Amino acid sequence: MTNGPEDARPTGAGADPNAVRHQGHTSRPLVVHIGREELVIAQRYAVASIANDVLIAVWFIIGSLLFFGPDTVTAGTWCFLAGSVELLIRPLLRLSRQLHLQRLRGGRPGPADSAQDF
């Protein structure tokens, strides 16, 4: 079932079942080919980014708890400083990942992956 003529799937011999027709134009699915090395690198940076985010949360939670007692305020301040340094590491990880992948591709631009936050 279609939602109207602008969302009709083309039919007939040799028609691509994945193609969708929008206002008279047929679009094909976007296929991006990337190498195995690129996937491994992306996964490693994703894991590093997740670990960094967890550490940020841990530092700030510990720092907040230490602020409840007057004797532990200084230690809490140090935890907040550590969390702030971890916040700096996040964009450095993203920059490092981009440079690493660019070197791997030989300077050629790759698929846009700005939707991924690492």
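The values are calculated or read from the model by the stated rules, or taken from the named source; none is laboratory data. The shown structure was predicted, so the numbers you read here are calculated from the model rather than taken from an experiment. Cβ: placed from backbone, ideal geometry, glycine included. Neighbour counts: every protein chain shown. The protein model used for the area step is the full one, side chains on, heavy atoms only, and it has no ligands, DNA or RNA in it. Shrake-Rupley method; radii C 1.70, N 1.55, O 1.52, S 1.80 Å.
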Near pairs, Cβ below 7 angstrom, 6+ apart or cross-chain, from the stretch 87-114 (farther than 13 Å from Leu39 by Cβ) to any residue that is at pLDDT below 70 and not small (Gly, Ala, Ser): Leu93/Phe118; Arg94/Phe118
Pairs with Cβ under 9 Å, 6+ apart, first in the stretch 35-49 and within 21 Å of Ile89 (Cα to Cα), second open to solvent by 80 Å² or more (accessible area, probe 1.4 Å): Ala42/Gln116; Tyr45/Arg94; Ala46/Gln116; Ser49/Arg94; Ser49/Gln116; Ser49/Asp117
Odd one out for Glu38, checked against (1) modelled with pLDDT under 95; (2) open to solvent by 50 Å² or more (accessible area, probe 1.4 Å): (2)
